[in-house]
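Please treat every number below as a calculation from the coordinates, not as lab data. Predicted model, so just to flag it, every value in this text is computed and none were measured. Backbone-built Cβ (ideal geometry, glycine too); neighbour counts: all protein chains shown.
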Amino acid sequence: MKHLITVFILLLTTIVMAQPRTIVDIKDGQFYINGRLTYEGRTWEGHKIEGLLMNSRMVQGIFDDLNPETRSKFVYPDTQKWDPDRNTDEFVAAMPLWRSYGLNSFTLNLQGGSPTGYGNSSWVNSAFDKKGNLRKDYLKRLERILDKADELHMVVMLGYFYFGQDQNLTDEKAILNAVDNATDWIFKKGYRNVLIEVNNECNIKAYDHEILKPGRVSELIERVKRKQKDGYRLLVSTSYGGGAVPQPNVVRIADYVLLHGNGIKDPAKITELVKKTRDVEGYYGQPIVFNEDDHFDFDKAENNFVNAVKANASWGYFDYRMKDEGFAEGYQSIPADWGINSERKRGFFNKLKEITGGL
């Protein structure tokens, strides 16, 4: 009898633990978390903040370099060794601090981003093998982050592909396998706090596979949308390079529309980009999200962040370690300091808290 009771308790515990604590949804062009508008009731300088998804580009949370010839580029300054588990541990440890400033979302990518900020080289960072199968060590690190995000009621915009790494998948069949495997894994784990970004900057010419380029990437969006479990499906989109207006084939089917502010130095152009996006054929009122912008000026009355918010678009901070800067700078550069320990990072998070009110 005692054995049966123990088994029952363990089964019940497993069921409870499997229930998601954070569910993201979109209604009437606004984001909801657990059935409530994000930043519910919040306004800033007369502008509505509720329904937005403030984010930061943290795509290297599960980074590793599988190329032994380049791995030494990413050693920690204190140990002179690279350690992917340390990277994820420190990422997870920093998440409650980000959340306390009002960050309710961040981007992660199964193929990361350029660990030197901009530019590509011969490092290999991919949660997929050549045939599109998932690598277990990457999944273990990913699970730690998604579990913590679920606990903190944070949303993760999970990218599948990056133009610096898609060439490591053999062919289109491998790409399709990767999409199916990643999507099925999310369903299996029961995460409901994940938004999908099929690939980062689909219009960048460096992509090797045609299905990841603007003319056909909508096929992958549709592929993700067709998959369901218990009546639930993942919300999905893709992004374009800095300043680009999304094309109709994506806009008419994406659940939310992703923009990048890279290269836009005049904040007024941010306002214009949002307007042009809403005028694209097929736009039906989806929320607009900047999930990458490497412009700052947070102390000025007008900056890209502020102008996006005034246009009722969510905004995302993108920071990398620039030439001759120290370890504390940049979230995309590896090794990363995931704390808020540089002037730029403090500038963003303080402005974020001012706009959102924090927790």
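For K130, go through the lysines and keep the ones whose alpha-carbon is under 18 Å away, minus same-chain ones fewer than eight residues off.
Of all the lysines, those that pass the test against K130 - Cα under 18 Å, at least 8 places apart if same chain - are K173.
By what distance, in whole Å, do the Cα atoms of the range 251-316 stretch along each of the three principal axes, largest value first?
Taking the Cα atoms of the range 251-316, the three principal extents are 37, 19, 17 Å.
Which value, in debye to the nearest 20, describes the size of the charge dipole of the chain about its Cα centre when Lys and Arg Cβ atoms bear +1, Asp and Glu Cβ atoms bear -1, and nothing else is charged? Intermediate results must be reported in sequence, preceding the final value.
Details: 48 positive and 49 negative charges, 179 e Å.
Dipole magnitude for the chain comes out near 860 debye.
Set the Förster distance to 35 Å, then compute FRET efficiency between D180 and D324 from the Cβ-Cβ distance, nearest 0.05.
Computed FRET efficiency for D180 and D324: 0.20.
Note the per residue figure in Å³ for the convex hull of the C-alpha positions in the range 82-192.
Given the Cα convex hull of the range 82-192, per-residue volume reads 107 Å³.
Just tell me which lysines come within less than 24 Å, Cα to Cα, of K27; anything on the same chain fewer than 8 places away is out.
Answer for K27, where 24 Å is the Cα cut-off: K48, K225, K227, K229, K275, K276, K310, listed by chain and number.
Just flag the GluC sites (Glu not before Pro) in the range 281-323 sitting in loop per DSSP whose Cβ has no more than 12 other Cβ atoms within 10 Å.
Here the GluC sites (Glu not before Pro) that fit, given the DSSP loop and packing criteria, are E281.
Just to check I understand the Karplus step: with θ = phi - 60° and J = 6.51 cos²θ - 1.76 cosθ + 1.60, what whole-Hz values come out for the range 142-153, glycine and proline as x?
Result, rounded to whole Hz: 4, 4, 4, 6, 5, 5, 5, 4, 4, 5, 8, 6.
Suppose we keep just the DSSP beta bridges with both residues in the chain; what percent of those would be antiparallel, to 5?
Details: 10 of 32 bridges.
DSSP beta bridges in the chain are roughly 30 percent antiparallel.
For the range 62-105, count all C-alpha to C-alpha pairs, find those more than 11 Å apart, and express that count as a whole percent of the total.
Percentage above 11 Å: 70.
Residue-wise, which Karplus ³J(HN,Hα) couplings in Hz belong to the range 212-220, taking 6.51 cos²θ - 1.76 cosθ + 1.60, θ = phi - 60°, and x for glycine or proline?
9, 9, x, x, 10, 4, 4, 4, 6
Please figure out what share of the DSSP beta bridges in the range 191-328 is antiparallel and state it in percent, rounded to the nearest 5.
Bridges in the range 191-328 are about 10 percent antiparallel.
Would you mind checking the pairs K188/K213; K300/K353; K148/K205 and listing those with alpha carbons more than 26 angstrom apart? Don't jump to the answer; show the numbers that get you there.
Details: K188/K213 28 Å; K300/K353 16 Å; K148/K205 35 Å.
Listed pairs above 26 Å: K188/K213; K148/K205.
Quick check on the chain: helices-only [θ] at 222 nm, where DSSP H runs of length 4 and up contribute -39,500 (n - 2.57) each and the sum goes over total residues. Nearest 500, please. Let's see the in-between values first.
Details: 9 runs with 116 residues, N = 359.
That comes out to -10000 deg cm²/dmol.
Enumerate the amide H contacts of Y240 below 5 Å, restricted to partners 5 or more residues apart or on another chain; note that Pro and chain-start residues carry no placed amide H.
E201, C202, H260
So how much slack lies between S100 and D25, counting 0.36 nm per residue of separation and subtracting their Cα-Cα distance, in nm? Intermediate values should be presented prior to the final figure.
On the way: separation 75, 0.36 × 75 = 27.00 nm, distance 2.17 nm.
Extra length from S100 to D25 when fully extended: 24.8 nm.
Out of [x] 68, 48, 41; [y] 73, 56, 36; [z] 71, 53, 42, which label holds the value of Cα extents along the principal axes in Å that was computed here?
Correct label, based on the coordinates given: [x].
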